[in-house]
1. Quick one: A:Met53, A:Met12, fewest Cβ neighbours within 10 Å first, how do they rank?
2. Take A:Leu17 and B:Arg29, extend 7 Å from each Cα along the Cα→Cβ direction, and tell me the distance between the two endpoints in nm.
3. Could you work out the Kirkwood radius for the stretch A:2-89, taking every pair of different alpha carbons, averaging 1/r and inverting it, reported in Å?
4. Taking θ as phi - 60°, what are the ³J(HN,Hα) couplings along the stretch B:30-35 by the Karplus curve (6.51, -1.76, 1.60), each to the nearest whole Hz, with x for Gly and Pro?
5. What is the mean number of Cβ atoms from other protein chains located within 10 Å of the Cβ atom of each residue in peptide B:78-85, rounded to a whole number?
6. Run the quick spin-label model on B:Ala4 and B:Ala123: label points 7 Å from Cα toward the beta carbon, then report their separation in nm to one decimal.
7. Need one number: nm distance between label points at A:Ser6 and A:Asp50, each 7 Å from Cα along Cα→Cβ, rounded to one decimal.
8. Counting partner chain Cβ atoms within 10 Å of every residue's Cβ in B:50-63, what's the average?
Amino acid sequence: MIWLVSVIVVLMLGAALAVLLLRNPVGAVAAASVVSLALSVLFVLLRAPDVAMTEAAVGGGLGSLILALSLRRLGLWRVEGDRAEQERDDA
Amino acid sequence: MMPAGLPFLFYAGAIGLLVIGISGIVLSRNLFRIILALALAEAGANLLLVLAGWHWGGSAPILGQGKALETMVDPVPQALVLTAIVIGVGIQALALALAVRAYRAYGTLDMRRLRNRMNRDIAAAAGIPAESSRDAPAGGRPTPPVPAAHRSGGGRA
């Protein structure tokens, strides 16, 4: 159990760092959804299956959907754009 | 028998997520990145809350399987977190809607450029020259004339 937990915690924290460090906004949204899914596995291990279901469906599904749709509204939806334009727009 | 360091791992995950999220809110310049970091900090707070009601060896708080109530983990923080997750997505949607409106009005998501353009618009609406505000700190606005009686008096600035 402790190995499973350590692997998932490391995955979750790595994905959280990737949210802040990735230059591509689409990749950042995907990393945020990875954080939500790893978190739902942790909730199952903490004996909270209902919270895990909600986190996976609402946090990982609906939240990522809203983020992706607003990315399209903002014109940042580029899976592979030209690099100069991407660096100009990014933080 | 509980493996040593297991609660430490859970707490490290929760507090690490919280710290990463808050530092992202503080340090990011892109408005979209700030909203993502807000969601991260929220997730860390939720994990910390569920962790508060958890104890080793407890069962899931579901009645009807013949388990004793004493061995269940505390269901109250779980109910709180269940609500908080949904509210968090609502907050995220509101923040994204405001960010889209700001992007349409000002054409940028960079916080500093956004602040400059908003200050310019506010100054134009108030009829005062740009880069000067009635609320600016003392160095940023013209100082009032000093009366002659006090001009040579004080040793302290």
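1. Placing the least packed residue first, the sequence is A:Met53, A:Met12.
2. Reported label-point gap for A:Leu17 and B:Arg29 is 2.3 nm.
3. Final number for the Kirkwood radius of the stretch A:2-89 is 14.0 Å.
4. In residue order, the calculated couplings are 7, 5, 5, 5, 5, 5 Hz.
5. The shielding value for this peptide is 5.
6. So the two model labels end up 6.3 nm from each other.
7. If labels sit at A:Ser6 and A:Asp50, their model points lie 3.4 nm apart.
8. So the per-residue partner count for this stretch is 3.
FYI, it's all coordinate maths here, none of it is from the lab. The structure presented is a predicted model; accordingly, all values stated were derived computationally and were not measured. Note that we place each Cβ from the backbone using ideal geometry, even for glycine, and neighbour counts take in every protein chain shown.
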